[in-house]
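The structure appears below as structure tokens.
The values are calculated or read from the model by the stated rules, or taken from the named source; none is laboratory data. The shown structure was predicted, so the numbers you read here are calculated from the model rather than taken from an experiment. Because the Cβ atoms are built from the backbone with ideal geometry, glycine has one as well, and the counts that use them run over all protein chains shown. Just the protein is used for accessible areas: all its heavy atoms, side chains included, with ligands, DNA and RNA removed. Shrake-Rupley method; radii C 1.70, N 1.55, O 1.52, S 1.80 Å.
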Amino acid sequence: MSEQENKKIIFSGIQPTGTFTLGNYIGAVSHWGKLQDEYNCIYSIVDMHAITVRQDPVKLRQHTLEAYALIMACGVDPKKSIAFIQSHVRTHAELNWILACSTQFGELSRMTQFKDKSAKHPDDINAGLFTYPVLMAADILAYKADLVPVGVDQKQHLELARNVAQRFNSKYGELFTVPDAYIPKVGAKVMSLQDPEKKMSKSDENPNACIYILDEPDVIIRKFKRAVTDSDSVVRYAEDKPGISNLMSIYSVITGKDYASIEREFDGKGYGDFKLAVGEAVADHLKPVRDEFARLMADKAYLKECYTAGAQAALNISRKTVAKAYRKVGFVDSM
Ligand code: TYM
């Protein structure tokens, strides 16, 4: 990352809980590479967040490496950005504690993701799941990030990070930058292909509901062909046509075409033609990602070199912020 003072700072993260979905890609990761020239970008594979739900340790290790290779395959260049694995950088856990003491039980109780996840895992409503957004605030605030590119589902967590930053600053004096969400205009919430009222999610039990970015082209096309649509057969973006509107937003992001030109392109054609076109466009678009991912996974030494350098660079920045936070709350200097 070029250390240019005048560039704004971007931070974002993704959990290594399996292959990314098309939602992760369109809502967040596909933007990460594009932001690298204009901003100082810092990206993390947030393995500490992942263990808030039960993980198989062997799989978590594998998924973490894969996620690191995947963000690179999607365009993150570790020479232009800082790209690292969260658990490699101790400052995240350190700042997490400081910020937890400036976060209210009530505000964490209102987090919809906590409510959803506790309903899904009633036998493991652990404290980490509850305080998850505090660690996310620590991720962002440790680097004094100005902007955080995320999908819509993370907006509430980002609001909390802003509140925590403001509260700390007013209690102890200015330290943290209050970050803004950077949410794409189209594709910030990609919906399930089987239930367009629900977000596309890795954990969906129906395999046809979700496109994984490493799916083979024929699998991608088949899933789009099976996508749930509504009863009329006009390709038009409308609130009462959530299935077709979801497919249109995917097609629009992938091809760069706006809704009016998509409507013209499929005027007089049926849903079958449209779904096939979306499937083919997505499959073609993801092919280079799949190829680059395979190339990177075959070179573990290179991956290690990248994530080791990334962690060092991340530590160098964040330890300064954490040292200042320690001073501000009244801890005695250790060295
Ligand atoms: P995670 O791992 O669930 O998702 C990673 C990113 O993908 C976006 N996303 C979607 N966007 C559009 N449509 C969808 N269906 C969809 N599903 C997921 C998410 O909004 C996210 O941007 N808490 C975060 C990880 C995190 C983080 C951070 C993010 C930890 N620390 C600091 C930003 C800054 C999460 O669980 O994302």
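Some points to look at:
- Residues in the stretch 71-109 reached by a label modelled at Ser203 [backbone nitrogen below 15 Å; 7 Å Cα→Cβ]: none
- Note on the chain: with neighbouring protein chains present and a 1.4 Å probe, carbon and sulfur make up 52 percent of its accessible heavy-atom surface.
- Between Ala100 and Lys185, the FRET efficiency estimated from the beta carbon spacing at R0 = 25 angstrom works out to 0.15.
- Burial ranking of peptide ranges 125-134, 16-25, 290-299, 231-240 (average Cβ count within 10 Å, highest at the top): 16-25, 125-134, 290-299, 231-240
- Surface accessible to a 1.4 Å probe, per residue, for the residues of the chain, Å²: 47
- Charging the Cβ of each Asp and Glu at -1 and of each Lys and Arg at +1, and nothing else, the dipole of the chain about its Cα centre rounds to 820 debye.
- Sequence-distant residues sharing a close amide H with Tyr182 (under 5 Å, placed H): Val148, Val150
- Charges were assigned to the Cβ only: +1 to each Lys and Arg, -1 to each Asp and Glu. The resulting dipole of the stretch 217-293 about its Cα centre is roughly 240 debye.
- Sequence ranges 72-81, 319-328, ranked by mean other-Cβ count within 10 angstrom, highest first: 72-81, 319-328
- Pairs exceeding 23 Å between alpha-carbon atoms, taken from Lys80/Lys304; Lys8/Lys257; Lys155/Lys202; Lys144/Lys189: Lys8/Lys257; Lys144/Lys189.
- Model label points for Glu159 and Glu265, set 7 angstrom from Cα along the Cα-to-Cβ axis, are 3.5 nm apart.
- Over the chain: helical MRE at 222 nm, DSSP H runs n ≥ 4 each giving -39500 (n - 2.57), nearest 500: -16000 deg cm²/dmol
- Contact order normalised by residue count of the chain, Cα under 8 Å, 6+ apart, percent: 22
- In the chain the Cα-Cα distances spread across 20 Å bins starting at 0 as 30, 56, 13, 0 percent of all pairs.
- Sum of side-chain charges, Gln86 neighbourhood, beta-carbon under 13 Å (Lys, Arg +1; Asp, Glu -1): -2
- Its relative contact order, with pairs defined as Cα atoms under 8 Å and 6+ residues apart, puts the stretch 246-312 at 26 percent.
- Around the amide H of Lys199, modelled in the peptide plane, lie the amide H atoms of Ser192, all under 5 Å away and 5 or more residues distant in sequence or on another chain.
- Karplus 3J(HN,Hα) series, Hz, for the stretch 100-105 with 6.51 cos²θ - 1.76 cosθ + 1.60 (x for Gly, Pro): 4, 7, 10, 10, 8, 3
- Lys79-Ala298 FRET efficiency (beta carbon distance; Förster radius 25 Å; 0.05 resolution): 0.80
- Pairwise FRET efficiency - Glu305 versus Lys225, Cβ, R0 = 51 Å, nearest 0.05: 0.75
- Each of Glu38 and Val58 was given a label point 7 Å from its Cα along the Cα-to-Cβ line. The distance between the two points is 4.5 nm.
- Put simply, the amide H of Ala142, placed in the peptide plane, has no neighbours under 5 Å, leaving out anything fewer than 5 places away on its chain.
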